[in-house]
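Chemist: Submitted below is the structure of interest, expressed as structure tokens.
The values are calculated or read from the model by the stated rules, or taken from the named source; none is laboratory data. Quantities reported herein were computed from a predicted structural model and do not represent experimental measurements. Note that each Cβ is placed from the backbone with ideal geometry, even for glycine, and that neighbours are counted across all protein chains shown.
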Amino acid sequence: MIQTKQLFGLPFVDATPSQWYTHIKTILHDRGKAFLVTANPELVLRALREPSYEAILRRATFITPDGIGVTAASKRMGSPLTATLPGIETARELLRTADALKKRVFLLGGRPEVMKSLIRQLSIRFPNIRFVGTFHGFGKTEEATRAIVEADADLVLVALGAPKQEEWIASVYDQVDHGIFIGVGGAFDVWSGHSKRAPKLFRRLKLEWLYRISTHPRGFEKLKDLLLFLTLVLRKKSTLS
């Protein structure tokens, strides 16, 4: 049983990486169903600003602390989380398990040129996965849902970026009877070779967020959000009011 702790009004997974990966692998093995959200400070702020988005996050099966910002905040707020659980690592563990179990995987989001090279790269890395469908993901929710159901997908990776990917998963989740759904942000670009993940030094120092901000077109806006999040944490406040 995975434990959770409340932070900013949301139930965050409180587990070691080993405990977490074992749990989600079991769900995949058993053809279970789960809606996973990997929440960084930007997602937390959006939830605090937008009640409708907060409601979507509350529908998730699990919310994990994606980045040192959330785990550091948990310590400051007096409810320390056990570990940071990066979303890209969670997705990678799910792909490894899907490969070992010869599961069916559906990919949603990403530009056509990205999807083409993504399938090629993932097929090399995970030769036993059955990639049963792709969809660009923008609009046409009913068509995408039908494609996923017909494909009988065990794992659905959604790369629309926040908040679109969480909104999209929430809109289709009740229409399927099994499968793990997880938003993976820009992971498709990284895995396909169209963009680079933060260098190992940044990852080792838990500063991947800094690399992403410095290289993102909206980096300044993201930095402002990060400073606002830091202000809330320093004041030990869980709301924007």
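Chemist: Just name the residue that is modelled with the highest pLDDT out of those in segment 166-194 that are of a type in the set (G, A, S) and part of a loop (DSSP other than H, G, I, E, B).
Modeler: Here the answer is G185.
Chemist: If I go through segment 33-83 residue by residue, how many of them are within 19 Å of L227 (Cβ to Cβ) and among the polar types (S, T, N, Q)?
Modeler: Total meeting the criteria: 3.
Chemist: Looking at I24 and the list (1) surrounded by fewer than 22 Cβ atoms within 10 Å (Cβ to Cβ); (2) closer than 18 Å to V184 by Cβ; (3) under 15 Å from the mean Cα position of the chain (by Cα); (4) of a type outside the set (G, A, S), which single condition is not satisfied?
Modeler: (1)
Chemist: Another one. Working only within segment 169-186, note down all residues that are surrounded by fewer than 24 Cβ atoms within 10 Å (Cβ to Cβ) and in contact (Cβ under 8 Å) with a residue 12 or more places away in the chain.
Modeler: Passing the criteria: I169, A170, S171, V172, Y173, Q175, V176, D177, H178, G185, G186.
Chemist: Quick test for you: out of R197, R203, pick the one residue that is modelled with pLDDT under 90, touching a Phe, Trp or Tyr at 6+ places or on another chain (Cβ under 9 Å), part of a loop (DSSP other than H, G, I, E, B) and of a type outside the set (G, A, S).
Modeler: That would be R197, the only listed residue that is modelled with pLDDT under 90, touching a Phe, Trp or Tyr at 6+ places or on another chain (Cβ under 9 Å), part of a loop (DSSP other than H, G, I, E, B) and of a type outside the set (G, A, S).
Chemist: If you check every pair at least six apart or on different chains, which have Cβ atoms under 9 Å apart with a residue in segment 219-241 that is under 22 Å from G78 (Cβ atoms) and of a type in the set (D, E, K, R) first and a residue that is at pLDDT 75 or above and part of a helix (DSSP H, G or I) second?
Modeler: Correct list of pairs: K236/R76; K237/T231.
Chemist: Return the only residue of A47, A34 being small (G, A, S), in contact (Cβ under 8 Å) with a residue 12 or more places away in the chain and assigned to a helix (DSSP H, G or I).
Modeler: Exactly one of A47, A34 is small (G, A, S), in contact (Cβ under 8 Å) with a residue 12 or more places away in the chain and assigned to a helix (DSSP H, G or I), namely A47.
Chemist: Condition first: part of a loop (DSSP other than H, G, I, E, B), surrounded by fewer than 17 Cβ atoms within 10 Å (Cβ to Cβ) and of a type outside the set (G, A, S). Can you find one or more residues in segment 79-95 that meet it?
Modeler: yes
Chemist: I'm told L10 meets every condition in (1) in contact with a strand residue (DSSP E or B) (Cβ under 7 Å, 6 or more places away or on another chain); (2) surrounded by fewer than 23 Cβ atoms within 10 Å (Cβ to Cβ); (3) on the phi > 0 side of the Ramachandran plot; (4) not polar (S, T, N, Q) except one. Can you identify the failing condition by its number?
Modeler: Tallying (1) in contact with a strand residue (DSSP E or B) (Cβ under 7 Å, 6 or more places away or on another chain); (2) surrounded by fewer than 23 Cβ atoms within 10 Å (Cβ to Cβ); (3) on the phi > 0 side of the Ramachandran plot; (4) not polar (S, T, N, Q), L10 fails exactly one: (3).
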